[in-house]
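Heads up: the structure comes next, in structure tokens.
The values are calculated or read from the model by the stated rules, or taken from the named source; none is laboratory data. Since the model is a prediction, treat every value here as computed from it, not as a measurement. We place every Cβ from the backbone using ideal geometry, glycine too, and count neighbours over all the protein chains shown.
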Amino acid sequence: NLSDKLQNIFKNLKGKGRLSEADVKTALKEVKMALLEADVNFKVVKSFVASVQERAVGQDVLTSLTPGQMVIKIVNEEMVKLLGEQTVELSLKPSGEITVIMMCGLQGAGKTTTTAKLAGKLKSKGRKPLLVACDIYRPAAIDQLQINGEKQGVSVFSMGDKHKPVNIAKAALEHAEKNGYNVVIIDTAGRLHIDEAMMDELKEIKNSLTVHQTVLVVDAMTGQDAVNVSEMFNEKLTIDGVILTKLDGDTRGGAALSIRAVTGRPILYAGMGEKLSDLEQFYPDRMASRILGMGDILTLIDKAQAEFDETKAKEMERKFKKAEFDFNDFLEQMQQVKKMGGLNDLLGMLPGMGKQLKDVEIDENALSSTEAIIYSMTKKERANPDILNPSRKKRIAAGAGVSINEVNALVKQFEQSKKMMKQFSGMMGGKGKRGKFK
Ligand code: GDP
Ligand code: MG
């Protein structure tokens, strides 16, 4: 799937040092293929890839990120931009006035369910919604709305199936005015495919009473079709927003990307299940990372950027090269890891690691005893590990509440790391530029 694909792409970029123009191009070619396979509209993919390319090539890679992470960051940012950057709220009149909302969409998209879900949301915000049963074609449609309305503790207006939908809607509005309802949500009929009769019926309702919000309900699992449907509805009816349903399935939600790009209309909510409480605010950034399938690596990038002190990094790099690294630095690095949420969290955020980590218990206790040992050293000992003789080690072990063997193990481990650093800096030939060690 798309997730696996993208993870592979970025895995290939990892550890390559600085990103070349060719790297960006190769990666984006794969991104393009992957997005197309995820049913994102080809025009959208084309312009998306172009904007990422434009940004990625020639951009400095932030010190705290690997080049691969940097590309993920840019891809993600552009994706969020496409999805609309900010969460858009359904626009409502002040509670003293009536807001009329018309739900539309194909049959089975989730209109009736979503109508009841939305009513519950508005009710909890202190509104008094009235649901209107305008689907007179499907035999059970009116009952379905009535049952769902009852579950939500919301009134349903119905005139059976012998009246024209536009007349039902008009009567409902009058009823709302008389009885103090301030939101009227019209549940309309859908068809399996777009046809003139359906569009005409919706247009008639829209022209005969003031509809403040025309909300299109789209099944996210219908992929590329969802885009065509949205485009048509917007063309004929001018929609104000979209609710994307069935995002609880395993679809990556590629439709979200193209719907927003093609119609320019915001996605307002996401349907996350059949239960009436399963309606969530739409967050473009979350959707982007879902489409990308990068798990929480984006969170990791954010955290790394926020927490990583650049001057410290430079200092670390200098020490690294000179192999001056001592226990104070060791401690500092451990605290850096802690600030970023602990080793378990950190590893869990890497793509593909979540699964593997399930069976592996990271011993956070071992980490804290390492810390305890270092804290039991004097400043002088931390800066000059060479002076650690048996009697000092014994004192440190007692102070940290560990055995002398544990202290020895840590010192040994530390010396090995240092030796490796020396070899490393030898290879870097003193230039020390990222990606220059060959
Ligand atoms: P309508 O024809 O557009 O009114 O669609 P319905 O509201 O009758 O929904 C069609 C089917 O989709 C029903 O079985 C709903 O329970 C289901 N459904 C609606 N929204 C969601 C959702 O967000 N997730 C899931 N899993 N099912 C949904
Ligand atoms: Mg329905």
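For the residues S258, S289, S277, the requirement of being surrounded by fewer than 18 Cβ atoms within 10 Å (Cβ to Cβ), polar (S, T, N, Q) and either modelled with pLDDT under 90 or within 16 Å of ligand 1 (Cβ to nearest atom) (or both) singles out S277. The helices (runs of 4 or more DSSP H) located wholly in region 352-399 that include 1 or more residues which are modelled with pLDDT under 85 and under 15 Å from E415 (Cβ atoms) occupy 364-376.
Take the residues of region 92-127 that are modelled with pLDDT of 95 or more and of a type in the set (S, T, N, Q): which is farthest from ligand 1 (Cβ to nearest atom)? By that ranking, first place goes to T99.
Of the strands (runs of 3 or more DSSP E) lying entirely inside region 66-167, those containing at least 3 residues that are over 30 Å from V44 (Cβ atoms) span 129-133, 155-157.
If you filter region 168-205 down to residues that are β-branched (V, I, T) and part of a loop (DSSP other than H, G, I, E, B), you find that the one that is farthest from V217 (Cα to Cα) is I194. If you check D187, D219, D195, D200 for being within 13 Å of ligand 1 (Cβ to nearest atom), more than 30 Å from A288 (Cβ to Cβ) and not aromatic (F, W, Y), only one passes: D187. Do we have G241 as more than 15 Å from ligand 1 (Cβ to nearest atom), within 13 Å of T114 (Cβ to Cβ) and surrounded by fewer than 21 Cβ atoms within 10 Å (Cβ to Cβ) here? Here the answer is yes, as G241 does meet what is asked.
Among the residues of region 100-128, those that are surrounded by fewer than 22 Cβ atoms within 10 Å (Cβ to Cβ) and over 21 Å from K246 (Cβ atoms) comprise L122, K123, S124, K125, G126, R127, K128.
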